[in-house]
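Working notes for the structure below.
The values are calculated or read from the model by the stated rules, or taken from the named source; none is laboratory data. Owing to the predicted nature of the structure, the values given are computational and were not obtained by experimental measurement. Cβ coordinates were reconstructed from backbone atoms using ideal geometry, including for glycine residues, and neighbour counts include every protein chain displayed.
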Protein chains: 4
Amino acid sequence: MARKRARELDISIGRFKTGRHNAITDVAGVRVGHVTVVEGDSVRTGVTAIVPHDRNVFKEKVPAAVHVINGYGKSLGLAQVEELGEIETPICLTNTLNIWRAADAMLDYMIRENPDGGSFNVVCGECNDGFLNDIKARAVTAEHVIEALDKAASGHVDEGCVGAGTGMRGFGFKAGIGTSSRVADVNGAEYTAGVLVLTNTGYAQELRVDGVPVGRLLQAEGEPEDKGSIMIIVATDAPVDSRQLTRLAKRAAFGLARAGGTAGHGSGDFVIAFAVPDAKSALLDDRSGADKLFVPVIEATEEAIINSLFMAEPTTGRDGHHMDAIPAERVKELVQERC
Amino acid sequence: MARKRARELDISIGRFKTGRHNAITDVAGVRVGHVTVVEGDSVRTGVTAIVPHDRNVFKEKVPAAVHVINGYGKSLGLAQVEELGEIETPICLTNTLNIWRAADAMLDYMIRENPDGGSFNVVCGECNDGFLNDIKARAVTAEHVIEALDKAASGHVDEGCVGAGTGMRGFGFKAGIGTSSRVADVNGAEYTAGVLVLTNTGYAQELRVDGVPVGRLLQAEGEPEDKGSIMIIVATDAPVDSRQLTRLAKRAAFGLARAGGTAGHGSGDFVIAFAVPDAKSALLDDRSGADKLFVPVIEATEEAIINSLFMAEPTTGRDGHHMDAIPAERVKELVQERC
Amino acid sequence: MARKRARELDISIGRFKTGRHNAITDVAGVRVGHVTVVEGDSVRTGVTAIVPHDRNVFKEKVPAAVHVINGYGKSLGLAQVEELGEIETPICLTNTLNIWRAADAMLDYMIRENPDGGSFNVVCGECNDGFLNDIKARAVTAEHVIEALDKAASGHVDEGCVGAGTGMRGFGFKAGIGTSSRVADVNGAEYTAGVLVLTNTGYAQELRVDGVPVGRLLQAEGEPEDKGSIMIIVATDAPVDSRQLTRLAKRAAFGLARAGGTAGHGSGDFVIAFAVPDAKSALLDDRSGADKLFVPVIEATEEAIINSLFMAEPTTGRDGHHMDAIPAERVKELVQERC
Amino acid sequence: MARKRARELDISIGRFKTGRHNAITDVAGVRVGHVTVVEGDSVRTGVTAIVPHDRNVFKEKVPAAVHVINGYGKSLGLAQVEELGEIETPICLTNTLNIWRAADAMLDYMIRENPDGGSFNVVCGECNDGFLNDIKARAVTAEHVIEALDKAASGHVDEGCVGAGTGMRGFGFKAGIGTSSRVADVNGAEYTAGVLVLTNTGYAQELRVDGVPVGRLLQAEGEPEDKGSIMIIVATDAPVDSRQLTRLAKRAAFGLARAGGTAGHGSGDFVIAFAVPDAKSALLDDRSGADKLFVPVIEATEEAIINSLFMAEPTTGRDGHHMDAIPAERVKELVQERC
């Protein structure tokens, strides 16, 4: 049975309207590419690329920021983003032990696109899919990474068990990639905030869907520990600088909390935010402008996490390990009874 | 009609058990003192003191940490707490424009207790009660501050419109002081995490009580902006150091998010955490120990915020401004219908 | 005998040219005001105000940043400067135990200038002059603070034992206020970086003057501990934002290091940087622009510290405590022999 | 003619005594391994491994901290070190574009040593040797990295053009690896602080040797920009925790400043500090203990940088690019004339 997004199940998170695709790609220019790597009984992994715009990112760097919710993770490139307030490469997500190979492949891609460049601050994030995936195989190759970057497209974004999400799990269920977006009116102009998550975190009993304690109600049994991590990518077309993007990135943590995330000791929870505004726009004021994107980012993050569960298929992988999908129709009932 | 705490309304947040008083004072040695300052039609303010232990805090400094959720606030003493990982004075909370006078009064108190000392890192936090209170009167005097410090007591903690909470509001209703605690089993030992909040933040429509979107259901009308701030004090008797306390402090933000907080631009949201462990205890390990306090801190913060609303009385103040109390029985119904 | 500045002693630090006054006031609009408070045998203190521009600072906030070199200090207002990247009040410097009273007086001043305002993020720094000054007297009154703010002027800046510098000491000698400036050519435009320091730090044997180990050569005997602190204020007319100002602020630490500073445990070493660019200027690029102000800030900080020693008079204060002035002519000889 | 260390040229930096080897390996257990990779006319690079102790580092993690002086760099693993305050792998240094391959090789090594482990926070730093080295060749292989880790030894440490230092330059001259150590008496106990640097930073005209402005006196001509970076590794056998190690790491920046470093825009300047105390020691107090290591760390960093220049041989590499060695005997004369 085909998996459905939250809104297809009549679960609508929050009070702001979504963009057209309810996806990070609603921010004009942003593209997403997945390569799913499934081999034999044990390899369940992949790579997901997020490309900020349609032009040469190294030559047209974009304002960016990082927020580390819990730093038990291996994300690459953060210090330079923080120092310079900009990002100069696409962002790739993959599994923990593949991150350095993926980064090296991103370098191949960056050199291909910028033969004259001599230094590239590759930004790459990871979660640990080692329960379902033979993570020590480091099955994501340079070709996979470059393919994900090259095929990144605007419009519809696949969710669930695709790309880096292939082998992930969270809140006691199969998880993976999820996305959502919100549109905010800021003093008469419309700006979009889009979020893409790679979910691999969360105690089963803490899961909330639109505030409903679904984890508790389902009596889901999960791991006793909250290990695994989440990568949250926030994009906006609002004219904001890196300091303001840091503020937006911090609000993504509120969306994680609303979904029941607790940032457990072993969960590497990182937010990377970037802006691709129209070059002619003046920066938003903090007081009457950037502030209006805070709740939209919270809502988009919460819904992206819910989508990353709803869209994930049940999966069997390494050593016969299995993760069930969240029972979407049952969750729909639980939520509807209470909202 | 007497106000009731969440649990008196059969609203129980989370899965961990509370301490005896369900208050920050469940952490042995922690004391709380309030002085409420109400004068004429316009002064609605006060001061709340949190004292880490029964001995001389300057001579027996305690491990401490700070987490700034949103830095639009005037809290004092943070840099030294971060540098040295310890706190050497009690913590006082008051209104924004009184904070420097309150700090100066804390200095009087510190010198009184430590005549030989020559430098004291006074820690003081604030929220802006200017809607109900004539804040420019700076009505909290040195005597009030010292009285709050001197009367600080263990056991029961008054909540709502007391001390620094007298003139605060949040989520569209009258707010103030709230507290809660949780007890966690860590490898066979029981440790308590207690939280005290001074709530003055939150959009009316975002309020959640145990996940139920009470703000939306009540169609509460509040300010269009999320201004005002929240101070969150976290105490624990677990043997943790300042780095680990930073991790606990960050989880308090998750409790704020669960209650519907969004850390709006104008909301100065600060967490100050300290530990008063038994001196003989070895530090907890991050992996199997400190981690077990994360969810307890989240739950205690969430419930403390809810208590700060439930326990607050309707209040009229400056220029006839009025804030209603949250309709507790109606909220109880809304929550019970859905849980 | 009148004290002389470094350049009057033919000691020229660095390779960039100075502004007209070789002072922070070379940044157009920046004003400095001192009130020196000397009473009887024991009070040796004061207050120094730095005002960013000639207009209403609260209404025309300026980009600002903070860098904490060593956080053993009580500086006020830092969190909001970091969050919003701006400063909305002048900056005052005074003694440690007077900082909260000075801040409260700044509030009086801010309300006087902005009767409609309801919240002000007062920025105030301190060093501990308790060796020469009866610091517990908190002798700096509200009137002193407001006088310093009101009399703040452009042009020449008094140095040494004036204002907040009255009772300070450093590197084994009497110290106090010092200032210096540098002018940089950035792609054809001239920008000024000015620094004002309140020096109260440094081991005697570590002092360097233009690299010459003057402390060692003088066999100066000082305290065995590096206590006391330094406040460093950096101003520029270059069009830079708060992130870039953070980078400038960090370079001030390099100037401190060049002068022999070591940021001892008990030394609260804070940098506050702000920009007052021409409103029409586009932000400088990090790569080819802001970078060109790094060495100028280092040099101006180093020279400001040297000036704060050279310009300080010998002083006797509390309990007959005495600090000699640095023997300027002898230092001049030591430096000239070696350069 | 054989290159000489600073002390062999009678240049003694600072007032603390050195350890036996005047090297990071004076901290008992610390080992260093270099693999130099020179191929044909264009490859001038390598890898340097620093191993904290003789046992399994993953199983016996050590307290650690990070300080980012200027974040224009690609160092890996920093976020987890900051979150957990510990390091669980050796540290490798290499060239910028090789860093991800080196990290992936470190993973091979970690898995070899810990077959049961599923996640490793590899810590790896880099500088850009692209002037002398064909950096896009990524000539450092997995074998090189593992060889450096396996051959890491205590005792004497090679300096200059070895390992990661092979192709580096700084302050207008050929640079590379340098090391130094200091021994401090802390309340009767002797503790050692050792520093190893990979120098690839610095304006020619800013170089100071023991305070003498050697760069200016030599009229050295260097690049107009301060690009290139420095990695600074600090080790100590003092019983300090991660917060205290952060304080030590920050003092390394003071040593860089003393040598004339300015942390230019394009210079990625990172400090990684770790402690390998005797397991039975109680933590040092900040006030009377850890503080006594500040100046030793400053001095060891300054001398390590000077050694990294003095020990480097003139080198010709990619496209015939050439870097002269610093004229050591001439510098010795300049310094002796002035000290």
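Residues in the stretch C:278-294 that are basic (K, R) and within 14 Å of chain D (Cβ to nearest Cβ): C:R287, C:K292.
Sort through C:D108, C:D116, C:D104 and tell me the only one that's of a type in the set (D, E, K, R) and more than 21 Å from B:Y72 (Cβ to Cβ). So the residue among C:D108, C:D116, C:D104 that is of a type in the set (D, E, K, R) and more than 21 Å from B:Y72 (Cβ to Cβ) is C:D108. Just name the residue that is surrounded by the most Cβ atoms within 10 Å (Cβ to Cβ) out of those in the stretch C:151-172 that are part of a helix (DSSP H, G or I) and touching a helix residue (DSSP H, G or I) at 6+ places or on another chain (Cβ under 8 Å). Result: C:G165. The strands (runs of 3 or more DSSP E) located wholly in the stretch B:3-104 that include 2 or more residues which are more than 14 Å from every other protein chain (Cβ to nearest Cβ), under 28 Å from B:P314 (Cα atoms) and over 15 Å from the mean Cα position of the chain (by Cα) occupy B:31-39, B:43-51.
When D:A249, D:A312, D:A204, D:A275 are checked against the criterion of being within 14 Å of chain C (Cβ to nearest Cβ) and either on the phi > 0 side of the Ramachandran plot or crowded, with 24+ Cβ neighbours inside 10 Å (or both), a single residue qualifies: D:A249. At pLDDT below 95 and either closer than 20 Å to B:D269 by Cβ or more than 12 Å from chain A (Cβ to nearest Cβ) (or both): does that describe B:D185? So B:D185 does not fit the description; no. Considered as a group, the residues in the stretch A:1-59 that are in contact (Cβ under 8 Å) with a residue 60 or more places away in the chain and among the polar types (S, T, N, Q) include one that is farthest from A:V212 (Cα to Cα), and that residue is A:S42.
I want to confirm something. Restricting to the stretch D:113-137 and keeping residues that are touching a residue at least 60 places away in the same chain (Cβ under 8 Å) and not in a loop (DSSP other than H, G, I, E, B), which single residue is surrounded by the fewest Cβ atoms within 10 Å (Cβ to Cβ)?
To start, the set of residues in the stretch D:113-137 that are touching a residue at least 60 places away in the same chain (Cβ under 8 Å) comprises D:120, D:123, D:125-135, D:137.
Narrowing the set further to residues that are not in a loop (DSSP other than H, G, I, E, B) leaves D:123, D:125-127, D:135, D:137.
Details: D:V123: 26, D:G125: 30, D:E126: 28, D:C127: 34, D:I135: 23, D:A137: 17.
Applying the filter and picking the extreme gives D:A137.
Screening D:F270 on (1) within 14 Å of another protein chain (Cβ to nearest Cβ); (2) within 20 Å of D:A184 (Cβ to Cβ); (3) touching a helix residue (DSSP H, G or I) at 6+ places or on another chain (Cβ under 8 Å); (4) crowded, with 24+ Cβ neighbours inside 10 Å shows it passes everything except condition (2). Taking residues in the stretch D:182-204 that are assigned to a strand (DSSP E or B), and partners anywhere that are acidic (D, E), the pairs with Cβ atoms closer than 7 Å and at least 6 places apart or on different chains are D:R182/D:E299; D:V183/D:E190; D:Y191/D:D237; D:T192/D:D26; D:T192/D:D237; D:G194/D:D26.
Here A:V297 passes the criteria (1) aliphatic (A, V, I, L, M); (2) in contact with a Phe, Trp or Tyr (Cβ under 9 Å, 6 or more places away or on another chain); (3) away from chain B (no Cβ under 13 Å); (4) within 30 Å of B:G228 (Cβ to Cβ) except the one numbered (3). Of the listed requirements (1) crowded, with 24+ Cβ neighbours inside 10 Å; (2) within 14 Å of chain B (Cβ to nearest Cβ); (3) under 26 Å from B:E302 (Cα atoms), A:V240 misses just one: (3). Which condition from (1) without any contact (Cβ under 8 Å) to a residue 40 or more places away in the chain; (2) in contact with a Gly (Cβ under 9 Å, 6 or more places away or on another chain) is the one that A:E337 breaks? All conditions are met except number (2). For the stretch A:173-191, a residue qualifies if it is surrounded by 24 or more Cβ atoms within 10 Å (Cβ to Cβ) and of a type in the set (V, I, T), and the qualifying residues are A:I177, A:T179. B:Q219 passes every criterion in (1) surrounded by fewer than 24 Cβ atoms within 10 Å (Cβ to Cβ); (2) over 22 Å from A:P296 (Cβ atoms); (3) within 13 Å of chain A (Cβ to nearest Cβ) apart from (2). Kindly evaluate C:E113 against the criterion of being touching a Phe, Trp or Tyr at 6+ places or on another chain (Cβ under 8 Å), more than 8 Å from chain B (Cβ to nearest Cβ) and of a type in the set (D, E). Considered against the rule, which asks whether it is touching a Phe, Trp or Tyr at 6+ places or on another chain (Cβ under 8 Å), more than 8 Å from chain B (Cβ to nearest Cβ) and of a type in the set (D, E), C:E113 comes out as yes.
The set of residues in the stretch B:117-137 being more than 8 Å from chain C (Cβ to nearest Cβ) and either polar (S, T, N, Q) or at positive phi (or both) consists of B:N133 alone.
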